[in-house]
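Remarks on the structure that follows.
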Amino acid sequence: MTQDQLPLVGLRALPRKQVIITFVGVMLAMFLGSLDQTVVGTAMPRIIADLGGFSQYTWITTAYIITSAVAVPITGKLTDIYGRKYFYLGGLAIFVLASIACGFSNTMNQIIIFRGVQGIGAGVMMANAFTVIGDLFPPAVRGKYQGFMSAVFGVSAIVGPMLGGYITDALSWHWVFFVNVPLGIIVIVLFMFFFPNIKPDNLKHSIDYVGVILLILGIVPIMLALSWGGVEYAWGSGTIIGMFALGGTALAIFLWVETKVKEPIIPLFIFKDRIVSISAVMIFITGAGMFGAIIFIPLFFQGVLGASATSSGTFIIPMMLGNVFGSFISGQVLARAGGHYRIQGAVGTALMAVGLWLLSTMNVNTTEGSAILYMVITGLGLGITMPLYLLAVQNAVPYRVLGTATASTAFLRSLGGSVGLAVFGSVMNNQFATTLIAKLPTEVLNGAPSAQLNSLMSNPQALVSTDAQAQLQGLVANIGDPSGTLLDRVMQALREALSSSITQVFLFAFIAIVVAFIINLFLKEIPLRQHYHIEDEKPKKK
């Protein structure tokens, strides 16, 4: 093999300058992908006000997560075979082109479809990011570098809401997608010239095409069923039951196939290790809790507390600062104190649980200061947990499956986030409709046309859109309220219903993190490895 094809030993032999440039490029790519999520999160209330579709609120994010979740394990396996560089470049190109398409979207269906394509590019990028850190640095020192990577996510989450809010208010929500383009082009150029073309080995490999198809057939129907259940279709409808049956059957066959093929997409043997299996569950649950907090907080600030898109982005900064601080400290402690990830995991999940519980107690009278304090506690706990379980997995598996194992953890975090958003979105929609019926004045319930009443109960856009509020004002005037007091009562009912639905989401997230705290106590700790013995771990050439 030539030097640019060497595995870990070759990477370690690279000039320090190239190692640094590679690491910086990976952080920029991570920043690009995570910036997109946080920028869009702040703009989402304005998007649904413009395009309609409150019931599809979470789908702008869910479509992105589903496709990225499917792309991650597939990419992880392929990069273990063919190397990281060209997959990274391809993922970046897909991401940038899909961002342009999202910016030009005119309907909710268009933006959901293009967000799904964007998620494919993001999944390829995500699969590579932490794997490359595993290539560059052994477990004993990797914690602090993964801490930097997690901190990059936090920094983007600080910049993103402010940038997204400002762009949404000053220009339009379309431009929150266009902002990805210049940074994406810079990273592509950087990777073309400086990213090393590392190929783990030169053995002949086979691709598990059947596993790929079964994985897609398993994940997508289940995600659709979770998102549509109770919103588009009744939970007991034939459509929802059929999707669960199709997805469950495909996943069952997928697991069987993965035990039979020569090179499975997800090597199930790694989950026989107790550290890997418990870490996988923790990553799944904390992923659900993370998205539950990040996605719904801007909606609470804008819809319930009446903040603008710009100011709601500013208010989320303290939570992200807590995330950055927690990630950085957690990574440093991992590297310097010998890797006590069970103890740090207990501290992190406990703080997350406390923060989410406090968020679940909020209402229309909650002060901005109290909400910010609750967010800081949640963010600090989230930051502490972020580097832990990935490092635990990478430390437990052999190097030859490093990319696959790392991608599996990213897949599980995305899957957890997708399941969490689907469940949380259903909870929010159902709770909102139920509470609003109880809160609306009887004059509106009896006097409003059924079509307009149903529209009101399915989308509180009057809380975030002046045009929608003007339409609501016309509706109330037609009922007969020249004084305007009835409009105030309707607006208050909308705020209380939205507050109740979002805090119910935080309560469900709290329960999930409490379960994670208990599971974390069973995690076994082993010393972090100082280096890999690659030659001992290579499969024999046949």
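The values are calculated or read from the model by the stated rules, or taken from the named source; none is laboratory data. Worth saying up front: this structure is predicted, and the values here are computed from it rather than measured. Please note: Cβ atoms are built from the backbone with ideal geometry, for glycine as well, and neighbour counts cover all protein chains shown.
For segment 352-394, how many residues meet the condition of being within 20 Å of Met320 (Cβ to Cβ), buried (at least 24 other Cβ atoms within 10 Å of the Cβ) and under 20 Å from the mean Cα position of the chain (by Cα)? Residues flagged as within 20 Å of Met320 (Cβ to Cβ), buried (at least 24 other Cβ atoms within 10 Å of the Cβ) and under 20 Å from the mean Cα position of the chain (by Cα) within segment 352-394 amount to 17.
The listed residues are Tyr166, Tyr145, and the only one of them that is surrounded by fewer than 24 Cβ atoms within 10 Å (Cβ to Cβ), at pLDDT below 75 and of a type in the set (Ser, Thr, Tyr) turns out to be Tyr145.
Annotation note: Cβ proximity below 8 Å between a residue of segment 123-136 that is farther than 8 Å from Gly91 by Cβ and surrounded by 24 or more Cβ atoms within 10 Å (Cβ to Cβ) and a residue that is at pLDDT below 70 and of a type in the set (Lys, Arg) (sequence gap 6+ or interchain) occurs for Gly134/Arg142.
Within segment 76-113, take every residue that is assigned to a helix (DSSP H, G or I) and polar (S, T, N, Q) and give me the one that is nearest to the chain's Cα centre (by Cα). Give the derivation first.
The initial filter retains those residues of segment 76-113 that are assigned to a helix (DSSP H, G or I), namely 76-82, 85-103, 108-113.
Filter once more, so that each one left must be polar (S, T, N, Q): 79, 99, 109-110.
Working: Thr79: 22, Ser99: 17, Asn109: 20, Gln110: 21 Å.
Top of the filtered list is Ser99.
Among the criteria (1) modelled with pLDDT under 80; (2) over 16 Å from Ala509 (Cβ atoms); (3) in a helix (DSSP H, G or I), the one Gly306 does not fulfil is (3).
Have a look at Ile113, Ile100, Ile20 and point out the one that is within 23 Å of Asp169 (Cα to Cα) and either surrounded by fewer than 17 Cβ atoms within 10 Å (Cβ to Cβ) or modelled with pLDDT of 75 or more (or both). If you could, list the steps in order and put the result at the bottom.
Values: Ile113 fails: within 23 Å of Asp169 (Cα to Cα); Ile20 fails: within 23 Å of Asp169 (Cα to Cα).
Going through Ile113, Ile100, Ile20 in turn, just one is within 23 Å of Asp169 (Cα to Cα) and either surrounded by fewer than 17 Cβ atoms within 10 Å (Cβ to Cβ) or modelled with pLDDT of 75 or more (or both): Ile100.
Of the residues making up segment 206-263, just one is closer than 20 Å to Leu421 by Cβ and acidic (Asp, Glu), namely Glu232.
Every residue, every condition in (1) more than 15 Å from Leu415 (Cβ to Cβ); (2) surrounded by fewer than 23 Cβ atoms within 10 Å (Cβ to Cβ), yes or no:
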position: Trp235; (1), (2): yes, yes
position: Phe254; (1), (2): no, no
position: Arg274; (1), (2): yes, yes
position: Thr286; (1), (2): no, no
position: Ile294; (1), (2): yes, no
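Total residues in segment 507-516 satisfying the condition of being under 14 Å from Met282 (Cα atoms) and surrounded by fewer than 20 Cβ atoms within 10 Å (Cβ to Cβ): the figure is 3.
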